[in-house]
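K.L.:
Let me begin by handing over the structure; questions about it come next.
The values are calculated or read from the model by the stated rules, or taken from the named source; none is laboratory data. Since this is a predicted model, take the numbers as computed values, not measurements. Cβ placement follows ideal geometry from the backbone for every residue including glycine, while neighbour counts extend to all protein chains displayed.
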Amino acid sequence: MKHLTEQEFKDKIFNYDEKKEWEFTGDKPVIIDFYADWCQPCKMISPILEELNEEYKDKIDILKVDVDKEHQLSAALGIKSIPSILFIPIDKAPEMAVGVLPKQSLEKAIEELFDIKEIVNNK
């Protein structure tokens, strides 16, 4: 999963310095994981997000933001606890979830917020 900087967020997701109303500039839905290396719950959700990144790689982008390195971005988005997961649909307002979510909850959010049906792995 790619790590996102504040400037990349402004360039690819939403430039909150230039616009006050939310306007997503990406071309496919995005999930952003706000985390820190020292955060145990963050370490618990990371492998789940890695799996989802692989399963949905052509349909959504899953990105990570290290809150210790990206203070400005975290503050601008109101991140107060981690892990925080930001779901960004293409044509709707973003939604935030806080805490460790099971894979089924994340898949349900992807289906409901992004209108993407569950991916079935052929194993």
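K.L.:
Out of the stretch 33-79, which residues are closer than 15 Å to F9 by Cβ and of a type in the set (V, I, T)?
P.N.:
I62, V65, V67, I79
K.L.:
Another question about this same structure. Given the condition surrounded by 12 or more Cβ atoms within 10 Å (Cβ to Cβ) and aromatic (F, W, Y), answer yes or no: does some residue in the stretch 36-55 qualify?
P.N.:
No; the residues of the stretch 36-55 include none that is surrounded by 12 or more Cβ atoms within 10 Å (Cβ to Cβ) and aromatic (F, W, Y).
K.L.:
Considering only residues of the stretch 7-32 that are over 14 Å from the mean Cα position of the chain (by Cα) and surrounded by 14 or more Cβ atoms within 10 Å (Cβ to Cβ), which is modelled with the lowest pLDDT? Spell out how you get there, then give the answer.
P.N.:
Here is the first cut: in the stretch 7-32, the residues over 14 Å from the mean Cα position of the chain (by Cα) are 7, 10-11, 15-23, 25, 27.
Retained after the next criterion (residues that are surrounded by 14 or more Cβ atoms within 10 Å (Cβ to Cβ)): 10, 16.
Values: K10: 95, Y16: 92.
Filtering first and then ranking leaves Y16.
K.L.:
Without any contact (Cβ under 8 Å) to a residue 12 or more places away in the chain, over 17 Å from I110 (Cα atoms) and among the polar types (S, T, N, Q) - does that describe any residue in the stretch 17-38?
P.N.:
Within the stretch 17-38, not a single residue is without any contact (Cβ under 8 Å) to a residue 12 or more places away in the chain, over 17 Å from I110 (Cα atoms) and among the polar types (S, T, N, Q).
K.L.:
I would also like to ask the following. If the Cβ limit is 9 Å and pairs must be 6+ apart or interchain, which residue in the stretch 87-100 that is on the phi > 0 side of the Ramachandran plot and in contact (Cβ under 8 Å) with a residue 12 or more places away in the chain pairs with which residue that is surrounded by 13 or more Cβ atoms within 10 Å (Cβ to Cβ) and not in a loop (DSSP other than H, G, I, E, B)?
P.N.:
Going by the 9 Å Cβ cut-off, the qualifying pairs are G99/P41; G99/I45; G99/S84; G99/I85.
K.L.:
Provide a single number: the residues in the stretch 13-31 that are of a type in the set (F, W, Y) and in contact with a Ser or Thr (Cβ under 9 Å, 6 or more places away or on another chain). So that I can check it myself, show each step before the final result.
P.N.:
Looking only at the stretch 13-31, we keep the residues that are of a type in the set (F, W, Y), and these are 14, 16, 22, 24.
Imposing the further condition that a residue be in contact with a Ser or Thr (Cβ under 9 Å, 6 or more places away or on another chain) reduces the set to 14.
Matching residues across the stretch 13-31 total 1.
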